[in-house]
Amino acid sequence: MAEVSWPTPRRIATLSVHTSPLEQPGTGDAGGMNVYIVEVSKRLAAAGVEVEIFTRATSSNLPPTVEMAPGVLVRHVTAGPYEGLDKEELSSQLCAFTTGVLRAEAAHPPGHYDLIHSHYWLSGQVGWLARERWGVPHVHTAHTLAKVKNRLIAAGDRPEPKARVIGEEQVVAESDRLVVNTGFEAQDLITYYHADPSRVGVVQPGVDLERFRPGAADRARFGLSERDRIVAFVGRIQPLKAPDVLISALAELRAGGTENVTVVICGGPSGSGLDRPSALIDLAASLGVLDSVVFLPPQTGEGLAALYRAADLVAVPSYNESFGLVALEAQACGTPVVAAAVGGLVTAVQDGESGVLVDGHDPADWARVLERLLAVPGYRRRLSAGAVAHAARFSWDRTVENLLRVYRDAVIEHRALITARVEGASCAW
């Protein structure tokens, strides 16, 4: 990617309060947002834009700063106790976190940061205040929206609190630009949060096409049988992601006489899933399919790509996804995806070409789709080719190019606003 020029910001303050880009996706609160921040930051730096990422320190052993990549600095901000705070409790520490962010800027000459990009509503609250203090534009990416999550909530899951809804409404109203993953998400912001359409920009996420690519399946690496058909779930273990739907669908398959199917659950408990970390094991045991379910810890780098290649299908049964990076990564490896027809998954998966979209979360419906795909290898091979072609349309370089356009527009508009204010003040004299 070529170096960028004016009016592109020289240095960006990226805010990620509740989860660090250094954490392993698939555990705790780390997920697609972490991947997004890491991939975008590295490519912004390669294009000549310095990035400083502010995140809450969760251990006293963490150094104040860590160079994540050339031109990308992670700043650990002390805000509240290092451990024992759930994401839902972090709003009480936003004042402390904001103070840490403002102090970091105050240690430099004025104008150290040219733009703020906040991720998730907690960070948006901090970005809103820093914007006023520094006099720079504020770009916000929500990643998930409380009103949308509450409309599509999983049975038994906890709804998002009113405080978050209010916080999101404030951030939407006060941000200079709102970056969303798809046109569907843009419409959600406009419909449910009354966002100004002119301030909403669609920038699709990407996929690392060098890491996630077709290759030989190494099932022995994960202790998986060569004779079984493998359906994999990758993500945080929580009701929102609906891995229980996949296990229940496995029971439906077995009841219908379909054998030699193994479901792989790769991830760690998160969110309300922490309430019952063994819930999936208990469910599989109660349905009599525990012998056909393999639980794996979150995988990193090549290990994750190897798991995608080892699977015949990857399932993404989430109740809501702003995009669904897992679906894109799996397809880039040549593995068809079966996904719920919700949110960004409708964009991430090309129905009938790179995978299959399923309406609803009835395990019987999922079992019928899985059975059809598993029974016809030729159909899977056609979808596999389509999956690779579909994923190739997405890249992080393209994401950053489009994001830079949003940044430039925000900077130009902000400078014009300042100029208008100065001229207006002069005319008043």
query: Just wondering, is there one or more residues in segment 193-209 that are modelled with pLDDT of 95 or more, of a type in the set (G, A, S) and touching a Phe, Trp or Tyr at 6+ places or on another chain (Cβ under 8 Å)?
result: yes
statement: Pairs returned, first residue in segment 141-152 that is within 20 Å of G201 (Cα to Cα) and crowded, with 20+ Cβ neighbours inside 10 Å, second residue that is at pLDDT 90 or above and among the acidic types (D, E), beta-carbon separation under 7 angstrom, 6 or more apart or interchain, are A142/E168; L145/E168; L145/D188; A146/E160; A146/E168; V148/D188
- request: Working carefully through the options L178, L145, find the one that is among the hydrophobic types (A, V, I, L, M, F, W, C), outside the structural domain of V346 (by the TED database) and touching a Lys or Arg at 6+ places or on another chain (Cβ under 8 Å).
  value: L178
field: Whichever residue in segment 223-252 is over 16 Å from the mean Cα position of the chain (by Cα) and among the basic types (K, R) and, among such residues, is surrounded by the most Cβ atoms within 10 Å (Cβ to Cβ)
entry: R229
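Considering G48, G80, which residue is assigned to a loop (DSSP other than H, G, I, E, B), in contact (Cβ under 8 Å) with a residue 40 or more places away in the chain and farther than 21 Å from H140 by Cβ? Steps first, please.
Values: G80 fails: in contact (Cβ under 8 Å) with a residue 40 or more places away in the chain.
The unique qualifying residue is G48.
Sort out which residues of segment 318-371 are farther than 22 Å from H143 by Cβ and among the β-branched types (V, I, T), and write them in order of number.
Here is the first cut: in segment 318-371, the ones farther than 22 Å from H143 by Cβ are 333-336, 338, 350-356, 358-360, 362-371.
T335, V338, V356, V358, V369, listed by residue number.
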task: Please determine, by comparing only the residues of segment 296-317 that are outside any helix (DSSP H, G or I) and over 20 Å from N260 (Cβ atoms), which one is farthest from the chain's Cα centre (by Cα).
output: P297
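Mind telling me which of the residues E169, E185 ends up being free of Cβ contacts under 8 Å to residues at least 40 places away in the same chain and either out of contact with any Lys or Arg (no Cβ under 8 Å at 6 or more places or on another chain) or within 29 Å of N320 (Cβ to Cβ) (or both)? Break it down stepwise before answering.
Values: E185 fails: free of Cβ contacts under 8 Å to residues at least 40 places away in the same chain.
Going through E169, E185 in turn, just one is free of Cβ contacts under 8 Å to residues at least 40 places away in the same chain and either out of contact with any Lys or Arg (no Cβ under 8 Å at 6 or more places or on another chain) or within 29 Å of N320 (Cβ to Cβ) (or both): E169.
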message: So in segment 265-287, with the set limited to residues that are buried (at least 18 other Cβ atoms within 10 Å of the Cβ) and either of a type in the set (V, I, T) or modelled with pLDDT under 85 (or both), which one is nearest to V231 (Cα to Cα)?
response: I265
query: Taking segment 83-101 as the search range and keeping residues that are assigned to a helix (DSSP H, G or I) and of a type in the set (D, E, K, R), which one is nearest to the chain's Cα centre (by Cα)?
result: K87
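The values are calculated or read from the model by the stated rules, or taken from the named source; none is laboratory data. What you are looking at is a predicted structure, and each value in this text was computed from that prediction instead of being measured. Quick reminder, even Gly has a Cβ in these numbers, built from the backbone with ideal geometry, and neighbours come from all protein chains shown.
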